[in-house]
Every structure is written in C-alpha cells, then in structure tokens.
Amino acid sequence: MGKLVGVVGKPNAGKSTFFNANTLGNAETGSYPFTTIKPNRGVGYIRADCPCTELGNSCGKCKKGTRFIPVELLDVAGLVPDAHKGRGLGNQFLNDLAQADAFIHVVDASGSTDVEGQICEAGSHNPEEDVTFLENELDLWFLSLIEKGWGKITREAAHSKKEVHKELADKFSGIKVKEWEILAAARKAELDLEKAKDWPEEDLKKFATALREVSMPILICANKIDLETAKLLENSVPTSADSELALRKADESEIIDYKPGDSDFKILEASDEHMKVLEIIKRDVLEKYGSTGVQQCLEKVVSETLNLIPVYPVEDESKLTDKKGNVLPDVHLVPAGTTAKDFAYLIHTDIGDAFLCGIDARTKKKVGADYELKAGDVIKIVVKK
Ligand SMILES: Nc1nc2c(ncn2[C@@H]2O[C@H](COP(=O)(O)OP(=O)(O)O)[C@@H](O)[C@H]2O)c(=O)[nH]1
Ligand SMILES: [Mg+2]
C-alpha cells in the first residue's frame, strides 16, 4: 500500500533540493552528491488530522492532532531531451522511474536554466517548454515499451480469444501497469482493445500517451518562485525548494521554530547572517505565496493526483487499539472509493477472504462489504472465525 512518488525534471531544476527538503532528517543516507547518479530513496510526510483528538484517546503518535503519514520519494538524475532513446543516462533513469505511482515534475519556473539544464540568463527560457518536453519524453518511453512485442501479444490474444488487456497487463507488470489502467487508457484514447492488433502507429501513440497519463500521473511544481523572473504555470504548485530546505535546517538547528507547510516561523536564536536569509525568505516567498509550497505539493500529489485518502484500521473499535493495545497504530493511504471489503484485501488476502463486516469506530455501527471508506475513517474489520 506504500506509495512511491518519483521526482522528475531536467537537470538543475531543483529536484534534489525538493527531495532533500521533504526527506530532511528522514532519509536513510546522510549526504547527497550535487549531481545525482543513483536514485535516492527517502521518506517524506504528509499531514492529516489525527482521529485520536476527536475520539478522545491520545495516540502518542501525532503532534498536537496532526498525524504525519509517510510517502516514499525517489530522486533521479535529470532527464534531457531524447532520454527515451538513451540520451544522457536516459533509459536507465526511466527504468528507475518505472516503480513510481506518480511523478512530481520539478520545473525551474524562473527560466534561468535552458532545456538541457544549463544555466542561462534568468527569464530567457520559457518553462512551459519543459512541461511539454518531459511529458513527451515519458510518452515516447511508454510507446517504446509498448511497441516491443506488441504485434505478437495482440495477434496471439486475438488468435486464442484471450482478453488483450490481461495479456498486456502481464507484459507491463514490470512498470506496475494494472489491468484496469489498460482498460481506462483505451477508453480515454477512444480505442477498441479488441482491434488492438490492427491499430495504426497513430493509435498506438495515442494509447501510449493515455496509458502514461492513467498509470503515472504528473503534478507540476513551479520551482524557484523566490526569483523575480519566476512565471506561474498552469495547474502547478508554486514552490521554493531552496527556501523550504533552509527553513527545515534552521528549525533542526533550533535557529527558528518552523513547521513544514506553515506560512511563518518564529525566531529562536538567529545570527545577523541567518536573519538576512530568513528575511528574504519571508519577503519573497512566505508573504507572497503563503508558504514555500513544498509540503503542499507532496500533499496534493497524494490527495489529488493519486486521489488517496487516509484510513485507520483498529482491532478494538471502542479503545481504538490493535491487539497489543497501541492506539491507532496504523494509517493506510487507499484510493478514494475503496470499500470496506477492498480494504480488508489490501491489509491481507486472508482477511479479505474471511471478511464479514466492518465497524465504524466513530458511530460504532456495522458497515457492509460495499461501504465506501471516507478520509479519516477508523475501521475494524470483522472476520469469519
Ligand atoms: N533560487 C532558487 N534556487 C533553487 C531552488 N531550488 C533549487 N535551487 C538551486 O538550483 C540548483 C540545482 O538544484 P538541484 O536540487 O541540485 O537540482 P537537480 O539537478 O534538479 O537535482 C542548486 O544551486 C539549488 O540551490 C529554489 O527554490 N530557488
Ligand atoms: Mg539532482
């Protein structure tokens, strides 16, 4: 159930800074090289209202009612044009990204790096081009994966009257593409999977794009908004990864008191030098945009791009505990629309198979197999003995 979010973009857009800001103090590895070669994996946290305060049983896991839910992040090297043909370290990075559930595309919105990520005059590069280039690159990568063996699979499926989407899902299991995503992609592209073996190249391309959109959705983060030349991009979250990293570090060193996502911080003990930097962050980022956007970006990719909701399973619905007496020990991020029975299956196949009913810990009422879970639900799954 754990989710993996890939941080993508061209070199120098601020991917590693964004990753470090999110994973500060949580990442397994301590220091990161400026240029990323191997992908870094780390854990970031999204905030959720913890049910323990409302239900009157302190869990000891949240901070004043805010629960921090882990989301894994992957920081890869920059993608350059034609990466899908192996340019840069193209294919290797694309393969690293295959495990991701969604992407955050870090764009240098200040236009101070060109399409290859080389420093250029601030404002001279149009960041909108980067958005198109990256999407195109990912779509072409998907197309190249799809094209391999396509003829054989679709012919065999037609011949043996097997369902094409099942065969294709097998083929794409390496990049975590599921059956329903193949069906959804065909619907989106208005293509008939039954006729897949006769699709012209044009349709195959349309299908590749739709499949990429469905199975690896992207959230754009317009980074470097602290710079004067920064442009706001459509459907993006404005961020200043540099500022967020500085604030989190300053908080860690007890120079300031700052909580990720906040619109302000409290000075604890800052030198003149610190003050200079902090005042700039306050003036150019916090006061202008309301936050550095980094925390918001991670939360948006989870709640909107991936459409996930937090759900808390318990064994004892009155005490809100597990078998060992831990209060609200777990929280899972599940797709909106997950039913009580789906949820049982997500926990364990055996639990799903033995599902009897659920109990909503708030109302203490039974819920059936088809009950759709809501964000923040606390639920006990009752199984057949
Ligand atoms: N002004 C500004 N610079 C940033 C921001 N985020 C990252 N940078 C700088 O951009 C450069 C490249 O950052 P890095 O994270 O290594 O980029 P990557 O190649 O995409 O991983 C570094 O000098 C960062 O300090 C930001 O929000 N504002
Ligand atoms: Mg990097």
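Have a look at D96, D114, D75 and point out the one that is surrounded by fewer than 20 Cβ atoms within 10 Å (Cβ to Cβ), under 17 Å from the mean Cα position of the chain (by Cα) and within 16 Å of ligand 1 (Cβ to nearest atom). Spell out how you get there, then give the answer.
On the way: D114 fails: under 17 Å from the mean Cα position of the chain (by Cα); D75 fails: surrounded by fewer than 20 Cβ atoms within 10 Å (Cβ to Cβ).
Exactly one residue qualifies, and that residue is D96.
Scan region 192-247 for residues that are within 16 Å of ligand 2 (Cβ to nearest atom) and either among the hydrophobic types (A, V, I, L, M, F, W, C) or closer than 30 Å to V177 by Cβ (or both) and jot them down.
Once the filter is applied, which keeps residues that are within 16 Å of ligand 2 (Cβ to nearest atom) and either among the hydrophobic types (A, V, I, L, M, F, W, C) or closer than 30 Å to V177 by Cβ (or both), region 192-247 yields C221, N223, T239, A241, L245.
Could you say whether any residue in region 261-273 is polar (S, T, N, Q) and surrounded by fewer than 18 Cβ atoms within 10 Å (Cβ to Cβ)?
As a first pass, look at region 261-273 and keep what is polar (S, T, N, Q): 263, 271.
Cutting the leftovers down to surrounded by fewer than 18 Cβ atoms within 10 Å (Cβ to Cβ) gives us 263, 271.
So far as region 261-273 goes, yes, one or more of its residues are polar (S, T, N, Q) and surrounded by fewer than 18 Cβ atoms within 10 Å (Cβ to Cβ).
When the residues of region 220-242 are narrowed to those that are among the aliphatic types (A, V, I, L, M) and touching a Phe, Trp or Tyr at 6+ places or on another chain (Cβ under 8 Å), which ends up farthest from T23 (Cα to Cα)?
Filtering first and then ranking leaves I225.
Can you tell me which of G30, G86, G60 is more than 16 Å from ligand 1 (Cβ to nearest atom), at pLDDT below 85, out of contact with any Asp or Glu (no Cβ under 7 Å at 6 or more places or on another chain) and on the phi > 0 side of the Ramachandran plot? Explain how you work it out, then say what you get.
On the way: G30 fails: on the phi > 0 side of the Ramachandran plot; G60 fails: at pLDDT below 85.
Of G30, G86, G60, the one residue that is more than 16 Å from ligand 1 (Cβ to nearest atom), at pLDDT below 85, out of contact with any Asp or Glu (no Cβ under 7 Å at 6 or more places or on another chain) and on the phi > 0 side of the Ramachandran plot is G86.
Could you grab me the full set of residues in region 304-325 that are free of Cβ contacts under 8 Å to residues at least 40 places away in the same chain and open to solvent by 40 Å² or more (accessible area, probe 1.4 Å)?
Result: N307, K323, K324, G325.
Does E254 meet the test of being on the phi > 0 side of the Ramachandran plot and open to solvent by 60 Å² or more (accessible area, probe 1.4 Å)?
Considered against the rule, which asks whether it is on the phi > 0 side of the Ramachandran plot and open to solvent by 60 Å² or more (accessible area, probe 1.4 Å), E254 comes out as yes.
Cβ-Cβ under 9 Å, sequence separation 6+ or interchain: first residue in region 224-247 and closer than 11 Å to Y289 by Cβ, partner within 10 Å of ligand 1 (Cβ to nearest atom) and among the acidic types (D, E). Which pairs?
Close Cβ pairs (under 9 Å, with a partner that is within 10 Å of ligand 1 (Cβ to nearest atom) and among the acidic types (D, E)) amount to I225/D284; D226/D242; D226/D284; A230/D108; S240/D226; S240/D284; S243/D226; S243/D284.
I'd like to verify a number: residues in region 233-261 that are under 24 Å from N307 (Cβ atoms) and of a type outside the set (S, T, N, Q), how many? Outline the logic, then answer.
Of all residues in region 233-261, those under 24 Å from N307 (Cβ atoms) come to 233-239, 260-261.
Narrowing further to those that are of a type outside the set (S, T, N, Q): 233-234, 237-238, 260-261.
Number of matching residues: 6.
Only one residue in L232, L227, L211 is modelled with pLDDT under 95 and open to solvent by 10 Å² or more (accessible area, probe 1.4 Å). Which one? If you could, list the steps in order and put the result at the bottom.
Numbers: L227 fails: modelled with pLDDT under 95; L211 fails: open to solvent by 10 Å² or more (accessible area, probe 1.4 Å).
Being modelled with pLDDT under 95 and open to solvent by 10 Å² or more (accessible area, probe 1.4 Å) holds for just one of L232, L227, L211, which is L232.
The values are calculated or read from the model by the stated rules, or taken from the named source; none is laboratory data. In this text the structure is predicted, and so the values were computed from the model without any measurement. Positions of Cβ are backbone-derived with ideal geometry, glycine not excepted, and every protein chain shown enters the neighbour counts. Accessible surface is based on the protein model in full, side chains and every heavy atom, while ligands, DNA and RNA are left aside. Shrake-Rupley method; radii C 1.70, N 1.55, O 1.52, S 1.80 Å.
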